[in-house]
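Visitor: Okay, here's the structure, questions in a sec.
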Amino acid sequence: MPQLRGLRTRLVVAFALVAALTATTTGALSFREARTGLLQQSQDTVIAQLRAQTNRLAPEVVAPPNEAELRRFAAAMAATDPSGTWRVMATYRGLSATSFAGDRFEELTPALRKAVDTRLATVFQRVNSGDHTALVVGMSVTFAGGVGDSGLQVFLIVAQTKEQAYVDALVTAIERATVPALVLAVLLALLAARGVLRPVRALRGATRSIAEGRLDTRLAVDGSDELADLSHTFNETAAALEASVAELRGMEARARRFAADVSHELRTPLAAMSAVTDVLDEDAARLDPDTATAVRLISEETVKLARLVDDLMEISRFDAGAAVLHLDEIDLAESLRRTLAARGWTDLVDAELPPPDALRGRVDPRRLDVVVANLVGNALRHGARPVLLRLTEAGRSAAERLAVIEVLDSGPGIPEAVLPHVFERFYKSDAARTRTEGSGLGLAITAENVRVHGGSVRAANRPEGGAVFTVELPLRSEQLLQGQADGDASARGSRP
Amino acid sequence: MPRVLLIEDDRAVREGVALALRRQGHEVATAVTGEEGLELVRSFRPDVVVLDLMLPGMPGLDVCRALRALDQTLPIIMATARGDDEDIVVGLEAGADDYVVKPVQARVLEARIRAVLRRVAGAPGESGIPKLDSYGDLTVDRAGFSVTLRGAPVALAASELRLLMTLSASPGQVFSRQQLLEAVWEHSYHGDARLVDACVKRLRAKMGEPGYIETVRGFGYRFASL
């Protein structure tokens, strides 16, 4: 799931996390402070009030007090609170009385009671019982001047509902603030992501464009951040690349044009020499042996040179993109048979061809002849007989029909190291660079001729020994391309 | 003794080709420029012209057109560099009968010259007895190697005449370009099919309507059985 790992997602998650963390931390801290302050203040108020009232009312208690006296004191104490929520208990050596009759003072813990017994200070405790919180305060009443315990103890329970409500409101407020903060954070993250992603996306598009060969691709640089820097660097790189490629192409074009020009210039003197080789051949027999040998040599090499120059011209035209296909719909088996016959190879090569007119296709007949002649010639020269020329049809559908031409020989095969290079120009399998009958361009020209047809050619070794060259040509039958033409049916019927 | 006019600007090629052709028994006249060649057509009266397309001064293609304007039937063989594809097509449409690619061996050029001359071998009145075939308004004299359309003679170049005679010999039968290359031009099966297309185009232009020669798409041409 690449989307989840995307910059946008990561930014959103990071922003949201930071926002949530900040909101929670801030909320928690302020909550704690506010709550402490609030409760502290309320309990300070209560304790101060309790002390003041005790100071005011305790002296009125008749000593030693009986239970009725204690109840009166407790009720008087409770009555001093204007809100009327105080519950007071007064005790005196085992006697106790509460401001509300029957109040069992369940919130009062033994620990607090013990603390009041042992210490003379005011003791308080916050008690959570059920869903409400209560503040429990206890104190021993001492004589003025602090000279001794009077034995009278006062306990007070105040329900802290108001304080609890304040705290709850605080929590709600913090929660309510966190949600918009999160939403804002996500929005900001998206905005930031867009700001970052737009140049990144532009950069990606531009890089693809360069990869597809449009080297003049440039980015619009705006702003002065790191991404603008990157865009600027990209533009510089692209410009440098374009310049180098242009230079390389220029050099290559010059090199190719040079090869083409050289071949072209060689052609005129060769035309003169080729015209008279027959004269030399005819008269060589009448010359003295040395001269005759020299003359025959010149004649033979002139013919080879002419072929080499012809091949060079041919390959130059492929390089210049000037090779034109002259397509004609022909019977491929007939074409292959004619190629063998024209070179006197009919008896040297086993041909496995489909019956007449079974496999027709639009090809350039001259180029097909060159392809087959080069491959069969190569098999006869470098392989060993029997050489098999096979033509079959392949293809997934009628629209993608392929003619498959295979040339198999029974020679030693092609060394593995040489296989990837067999279609290279002037490639010689051994370093000795021995000159063979061919120009060294035959297989390169074969590959180019197959390529202009939109086909493919490959070389391999057969498991049972020998090499196999396989050509696949798209058939592009005219009937398939342009529909059934007028008179085709009768034409087929009236063919000789 | 066929008479060959060779128009070629390069001295070595001119001398080499002329030497080779003379040894084959041709009578050869040479010209360095197109203008000189056109002059020689009048004085030398060649049976066939071998024309280099790359000439200084008057371009080879213009020379070809001028030769056709001068003589509708004179066989013309262009000598070109392979790859000069445009020139070949234009040259064929301008009326050249055939072309060879330089550098060319003497025996190849010689074979082409013989082939193009065979196309006009039967001069009118040679056998004396015309062998006439009529197809609508068109009459072909197979013995006299002449064609008339509505009674008027049609001046056809060698390859045009041979092509028409080949096709009309079997009306309705489809000939592939390769078959016609072999039958008319005596080229190999894998020769240049554009020779056929250009020649058919010229023939149709000279014979006008109705279309005697039909294109059978995907196969070739046939003579309409009217």
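Visitor: Return the residue satisfying two criteria in turn: it lies in segment A:349-375 and is within 21 Å of A:ALA459 (Cβ to Cβ), more than 14 Å from chain B (Cβ to nearest Cβ) and out of contact with any Leu (no Cβ under 6 Å at 6 or more places or on another chain), and of such residues it is surrounded by the fewest Cβ atoms within 10 Å (Cβ to Cβ).
Guide: Selected residue: A:GLU352.
Visitor: Condition first: within 14 Å of chain A (Cβ to nearest Cβ), of a type outside the set (Val, Ile, Thr) and surrounded by 16 or more Cβ atoms within 10 Å (Cβ to Cβ). Now tell me which residues in segment B:52-90 satisfy that.
Guide: B:ASP52, B:LEU53, B:MET54, B:LEU55, B:MET78, B:ALA79, B:ALA81, B:ARG82, B:GLY83, B:ASP84, B:ASP85, B:ASP87
Visitor: Still on this model: Please enumerate the residues belonging to segment B:172-226 that are aliphatic (A, V, I, L, M) and farther than 24 Å from B:ILE76 by Cβ.
Guide: Initially, segment B:172-226 is screened for residues aliphatic (A, V, I, L, M), giving B:174, B:180-181, B:183-184, B:193, B:195-196, B:198, B:200, B:203, B:205, B:207, B:213, B:216, B:224, B:226.
B:VAL174, B:VAL216, B:ALA224, B:LEU226 - these are the residues of segment B:172-226 that are aliphatic (A, V, I, L, M) and farther than 24 Å from B:ILE76 by Cβ.
Visitor: Sticking with this one: Within segment A:317-330, track down each residue that is more than 8 Å from chain B (Cβ to nearest Cβ) and in contact (Cβ under 8 Å) with a residue 60 or more places away in the chain. Let's see the steps before the verdict.
Guide: Initially, segment A:317-330 is screened for residues more than 8 Å from chain B (Cβ to nearest Cβ), giving A:318-321, A:323, A:325, A:327.
Scanning segment A:317-330 gives A:PHE318, A:ASP319, A:ALA320, A:ALA323, A:LEU325, A:LEU327.
Visitor: Which ones in segment A:247-268 are more than 14 Å from every other protein chain (Cβ to nearest Cβ) and exposed (fewer than 12 other Cβ atoms within 10 Å of the Cβ)?
Guide: A:GLU247, A:LEU248, A:ARG249, A:GLY250, A:MET251, A:GLU252, A:ARG254, A:ALA255, A:PHE258
Visitor: Among residues belonging to segment A:258-277 that are of a type in the set (D, E, K, R) and free of Cβ contacts under 8 Å to residues at least 12 places away in the same chain, point out the one that is nearest to A:ARG296 (Cα to Cα). Before the answer, list the steps.
Guide: Of the residues in segment A:258-277, the ones of a type in the set (D, E, K, R) are A:261, A:265, A:267.
If we keep only those that are free of Cβ contacts under 8 Å to residues at least 12 places away in the same chain too, we end up with A:261, A:265.
Details: A:ASP261: 29, A:GLU265: 24 Å.
Only one residue tops the list, namely A:GLU265.
Visitor: Here is a further query. Examine segment A:210-221 for a residue that is in a helix (DSSP H, G or I), away from chain B (no Cβ under 14 Å) and not polar (S, T, N, Q), and state whether such a residue exists. Give the steps one after another, and end with the answer.
Guide: Let us first name the residues in segment A:210-221 that are in a helix (DSSP H, G or I), namely A:210-211.
Still in the running and away from chain B (no Cβ under 14 Å): A:210-211.
Remaining after also requiring not polar (S, T, N, Q): A:210-211.
Yes, the conditions are met somewhere in segment A:210-221.
Visitor: Can we say A:THR98 is more than 21 Å from A:SER150 (Cα to Cα), modelled with pLDDT of 80 or more, β-branched (Val, Ile, Thr) and surrounded by 12 or more Cβ atoms within 10 Å (Cβ to Cβ)? Please lay out each step first, then the result.
Guide: Values: more than 21 Å from A:SER150 (Cα to Cα): no; modelled with pLDDT of 80 or more: yes; β-branched (Val, Ile, Thr): yes; surrounded by 12 or more Cβ atoms within 10 Å (Cβ to Cβ): yes.
No; evaluated as a whole, the condition is false for this residue.
Visitor: Based on what the data block shows, is A:LEU112 of a type outside the set (Gly, Ala, Ser), outside any loop (DSSP other than H, G, I, E, B), more than 54 Å from the chain's Cα centre (by Cα) and at pLDDT below 85? Explain how you work it out, then say what you get.
Guide: Values: of a type outside the set (Gly, Ala, Ser): yes; outside any loop (DSSP other than H, G, I, E, B): yes; more than 54 Å from the chain's Cα centre (by Cα): yes; at pLDDT below 85: yes.
So A:LEU112 passes the test.
Visitor: Separate question: Applying the selection to segment B:2-50, what residues are part of a loop (DSSP other than H, G, I, E, B), more than 12 Å from every other protein chain (Cβ to nearest Cβ) and either among the small types (Gly, Ala, Ser) or closer than 16 Å to B:VAL116 by Cβ (or both)?
Guide: Narrowing segment B:2-50 to residues part of a loop (DSSP other than H, G, I, E, B): B:2, B:8-10, B:24-26, B:32-33, B:45-47.
Of the ones still in play, those that are also more than 12 Å from every other protein chain (Cβ to nearest Cβ) are B:2, B:25-26, B:32-33, B:45-47.
Within segment B:2-50, B:PRO2, B:GLY25, B:HIS26, B:PRO46, B:ASP47 qualify.
Visitor: I've got another one for you. Determine whether segment A:279-291 contains at least one residue that is within 11 Å of chain B (Cβ to nearest Cβ), touching a Ser or Thr at 6+ places or on another chain (Cβ under 7 Å), in contact (Cβ under 8 Å) with a residue 24 or more places away in the chain and crowded, with 16+ Cβ neighbours inside 10 Å. Spell out how you get there, then give the answer.
Guide: Our first condition is that a residue be within 11 Å of chain B (Cβ to nearest Cβ); within segment A:279-291, this holds for A:279-283.
Within this subset, residues satisfying the condition of being touching a Ser or Thr at 6+ places or on another chain (Cβ under 7 Å) are A:280-281.
Right, trim to in contact (Cβ under 8 Å) with a residue 24 or more places away in the chain and you get none.
The answer is no, given that none of the residues of segment A:279-291 is within 11 Å of chain B (Cβ to nearest Cβ), touching a Ser or Thr at 6+ places or on another chain (Cβ under 7 Å), in contact (Cβ under 8 Å) with a residue 24 or more places away in the chain and crowded, with 16+ Cβ neighbours inside 10 Å.
Visitor: Can you list the helices (runs of 4 or more DSSP H) lying wholly within segment B:129-226 that have 1 or more residues being away from every other protein chain (no Cβ under 14 Å) and modelled with pLDDT of 85 or more? Give the steps one after another, and end with the answer.
Guide: Working: elements: B:158-169, B:177-180, B:194-207.
Correct list: B:158-169, B:194-207.
Visitor: Suppose the filter is part of a helix (DSSP H, G or I), within 52 Å of the chain's Cα centre (by Cα) and more than 11 Å from chain B (Cβ to nearest Cβ); does A:ALA333 pass it? Show your work before the answer.
Guide: Working: part of a helix (DSSP H, G or I): yes; within 52 Å of the chain's Cα centre (by Cα): yes; more than 11 Å from chain B (Cβ to nearest Cβ): yes.
Taking the combined requirement at face value, the residue satisfies it.
Visitor: Still on this structure, please answer the following. Regarding segment A:60-79, can at least one residue be identified that is under 16 Å from A:ALA159 (Cβ atoms), without any contact (Cβ under 8 Å) to a residue 24 or more places away in the chain and not polar (S, T, N, Q)?
Guide: Checking segment A:60-79: at least one residue is under 16 Å from A:ALA159 (Cβ atoms), without any contact (Cβ under 8 Å) to a residue 24 or more places away in the chain and not polar (S, T, N, Q).
Visitor: Which residue pairs have Cβ atoms under 7 Å apart, sit 6 or more places apart or on different chains, and have a first residue in segment A:374-386 that is assigned to a loop (DSSP other than H, G, I, E, B) and a second that is among the polar types (S, T, N, Q) and modelled with pLDDT of 85 or more?
Guide: Once the first residue is assigned to a loop (DSSP other than H, G, I, E, B) and sits in segment A:374-386, its partners that are among the polar types (S, T, N, Q) and modelled with pLDDT of 85 or more give A:GLY383/A:SER410; A:ALA384/A:SER410; A:ARG385/A:SER410; A:PRO386/A:SER410.
The values are calculated or read from the model by the stated rules, or taken from the named source; none is laboratory data. Small disclaimer: the values here were computed from a predicted structure and weren't measured. Please note: Cβ atoms are built from the backbone with ideal geometry, for glycine as well, and neighbour counts cover all protein chains shown.
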